[in-house]
C-alpha cells in the first residue's frame, strides 16, 4: 500500500518490516534446553544459515564468525 500522506513518498510502503530471526546463540540455548545435543543443535543452526553439517557439530562461535565474514564480503569490505 502506498502512503499518500507524506510528500515525495510515492514509493514508500506502510507494510511492516519482516520479523528478524533470533540470533544463533538464542536458538542454540533454546534447542539445548529443549533436550537437543549441542552437536545436533549446532548443525541445525548451521543448516539454517546455509552451511553443511560438520562431523562434530558447529559451535555458535564458528557460525557467528562465518555470518560475520559473509556480511563483510557482501558489504565489499572483504574480497572473497
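The values are calculated or read from the model by the stated rules, or taken from the named source; none is laboratory data. Just so you know, these numbers come straight off a predicted model, no measurement behind them. Cβ placement follows ideal geometry from the backbone for every residue including glycine, while neighbour counts extend to all protein chains displayed.
Within the range 39-50, the residues that satisfy the criterion of being surrounded by fewer than 15 Cβ atoms within 10 Å (Cβ to Cβ) and either in contact with a strand residue (DSSP E or B) (Cβ under 8 Å, 6 or more places away or on another chain) or part of a helix (DSSP H, G or I) (or both) are 40, 47, 48.
Against the definition (at negative phi, loosely packed, with under 14 Cβ neighbours inside 10 Å and at pLDDT 95 or above), how does residue 26 come out, yes or no? Judged against the criteria, residue 26 is a match.
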